[in-house]
Structures are given as structure tokens and as C-alpha cells.
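**Q** I have a structure here, written as C-alpha cells, and I will follow up with some questions on it.
Derivation of every value follows stated rules applied to the coordinates shown; laboratory data play no part. Predicted model, so just to flag it, every value in this text is computed and none were measured.
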């Protein structure tokens with residue numbers, strides 16, 4: 001990497017883990033490129049990160065729109081000029097709880113489009129930028145349900161299982177070019193994705209977690225910040241659980 005501040009592209013940056021990751025990397029001195037669909041929320045994150053001293057640009061993009069994502073990277077290529085894209089931190093994702101018999105094909109298509117299709121396209125386009133500098137890092141979000149399974153989340157778990165497989169394959173493919181690929185696998189984290197859980201379900205989940213509480217977005221973000229630091233420069237192909245002991 002150059003002596004310039006690392007440049008990190010964060011998707012899903014308007015809320016939840018993506019927002020927390022933006023703030024953590026801003027504190028760590030990264031230049032940020034933030035992407036989300038909610039323009040107003042994204043502007044607030046930009047303001048917050050600028051207050052932390054970060055240089056921040058924002059882009060309102062629907063990641064399931066393939067043409068829009070391609071256009072975004074054309075814009076980024078011009079925006080970066082001689083700078084290197086140091087990290088892709090892909091936090092955008094969708095979760096729909098439903099038993100298999102009740103899963104609508106439209107929901108299946110939406111989760112596949114965002115959780116898998118968009119992820120592959122982002123990795124493809126980001127790695128092309130990184131290959132020019134023979135360095136870079138892709139950080140994806142998997143989930144502990146990809147490994148353990150979860151009744152009522154079969155499709156979501158399957159899409160996250162695809163992420164774990166993608167990480168391991170891309171780490172082998174891109175490693176010789178100096179590009180690391182890792183994933184964070186959160187357990188049950190207090191975000192918009194879990195806001196609809198009833199108090200009874202929260203209590204039930206808590207009993208399955210060794211630390212006896214749900215996690216916070218900033219706790220995942222700190223792990224992402226570690227993976228994006230020089231301290232993790234020899235870590236690739238790894239799925240790092242951040243689940244409070246749920247996997248135990």
C-alpha cells in the first residue's frame with residue numbers, strides 16, 4: 001500500500017453494521033466511499049464520518065441493478081485516479097424469515113440478487129481495480145446461520161453459505177495477485193434486520209448465546225477494522241465468527 005490513507009468502499013453504509021464499519025474505519029484514518037440506497041441516511045453517515053476527520057464521498061445505488069453497479073465503478077475509476085482501492089467492505093444484504101413452504105419466489109429472487117449476485121459483481125469489479133496495484137482486500141458478510149442452519153431462514157442461510165464458499169475460492173484465486181479475501185460471520189446482532197424479533201424470541205436466542213446477550217453493530221465493526229489493518233495482512237480465506245459464542 002502507498003503512504004496515502006487507505007481507501008475503503010463500504011456498501012450498506014447507511015445503517016447497521018455498514019454504518020458502524022464506516023465510523024470505525026473513519027477513526028482508523030481511512031478515506032471512505034460509502035454506498036447505500038437511502039440517500040438521507042447516507043448523508044448523515046457522511047457528516048458523522050467527516051466529523052471524525054475522514055474524507056468521504058457517497059453514492060446512492062441499488063446494488064441489484066447490475067448496470068448501476070457497473071456505472072458506479074466507472075465513476076470510481078475516474079474518482080480514484082492514481083489512488084488504489086484498498087478495501088471493499090460489503091455489508092449490504094437482505095434477510096427474509098419464512099418457513100420453506102411459505103417462502104415466496106419473489107423473496108427468493110430478491111435475496112439471491114442482493115446477497116449472492118451483487119456480491120459476486122462487486123468482488124469482480126473491485127478486484128479488477130485492485131489488480132492494477134497488486135494489492136487489496138475484500139471483506140464480505142457471511143452469517144453464523146450459514147454454518148449452523150436456522151429453521152425459518154433456509155434461503156437466507158443458503159445465500160450466506162454461498163458467501164463463505166466464495167471467500168475461500170477467491171482467496172485462492174486472488175492471493176497470488178496480493179489480494180486478500182475474508183468474511184465476518186455475525187451471530188444475532190441488534191440491527192434493522194433483527195428489529196422485528198419479539199421479546200420472547202430475543203430471550204430464546206439469548207439462552208443459546210454463551211455471553212447471554214445479542215451483539216452490537218460496533219462489535220462487528222471493530223473486527224472488520226482489524227481485518228482491514230496491517231495486523232491482519234497475513235490473514236486470507238478466513239470466516240471470522242463474531243457471535244458471542246452462539247456457534248458453541
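**Q** Please give the helix 16-27 orientation as an angle from the longest Cα principal axis of the chain, in degrees from 0 to 90, rounded to the nearest 10.
**A** The answer is roughly 40 degrees.
**Q** Between the alpha-carbon centers of region 161-183 and region 55-112, tell me the distance in whole angstrom.
**A** 18
**Q** Turning to a different aspect of this structure: May I ask for the Kirkwood hydrodynamic radius of region 67-192, worked out over all distinct Cα pairs and given in angstroms to one decimal?
**A** Mean inverse Cα-Cα distance, inverted, gives 15.5 Å.
**Q** Here's something else I'd like to know. For the chain, what does -39500 (n - 2.57) per DSSP helix run (n ≥ 4), summed and divided by total residues, give at 222 nm, in deg cm²/dmol to the nearest 500?
**A** Rounded to the nearest 500, the figure is -13000 deg cm²/dmol.
**Q** Right, another one. Using Cα pairs closer than 8 Å and at least 6 residues apart in sequence, work out the relative contact order for region 7-242, in percent.
**A** Details: 430 pairs, mean separation 47.6, N = 236.
About 20 percent, as a whole number.
**Q** Percent antiparallel among DSSP beta bridges with both residues in region 7-242, to the nearest 5?
**A** Of those bridges, close to 0 percent are antiparallel.
**Q** Now a separate question. Based on alpha-carbon positions alone, could you give the equivalent ellipsoid semi-axes of region 7-242 from the gyration tensor, as √(5λ), descending, whole Å?
**A** Ellipsoid half-lengths, sorted descending, are 27, 19, 18 Å.
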